[in-house]
Amino acid sequence: MQHLQQIDEQPLLLTMKQVTQRLQLGRHKIYDLIINKGLPVQRFGRAIRFNQEELLVWLEARDQQN
């Protein structure tokens, strides 16, 4: 039950601004990672959103490659 409460407290999807703040990278670098490194996104028309769990998995996979 606590896990469900944690999900409700956090947004399901992150905005570009939230991701740039959390990764401390600029928008251009985030777009570069999407295009060239497979950073997973969800597209809704022109809007781009990031699934927080997919972002963490992607980061962990990148960390293991290095």
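No lab work stands behind these numbers, since they all come straight from the coordinates. Just so you know, these numbers come straight off a predicted model, no measurement behind them. Note: ideal-geometry Cβ built from the backbone for every residue, glycine included; neighbour counts use all protein chains shown.
Spin-label model, residue 12 to residue 54: label points 7 Å out along the Cα-to-beta-carbon direction sit 1.3 nm apart.
Nothing charged except the Cβ atoms of Lys and Arg (+1) and of Asp and Glu (-1): what's the magnitude of the dipole of the chain about its Cα centre? Round to the nearest 20 debye. Let's see the in-between values first.
Values: 9 positive and 7 negative charges, 94 e Å.
Charge dipole, the chain, about its Cα centre: 460 debye, nearest 20.
Listed options for Rg and Dmax of the Cα atoms in Å are (1) 17.3, 49; (2) 12.8, 39; (3) 14.7, 49. The value calculated from this structure is the one marked (2).
With respect to the chain, whose longest principal axis is taken over its alpha-carbon atoms, helix 52-65 is tilted by about 50°.
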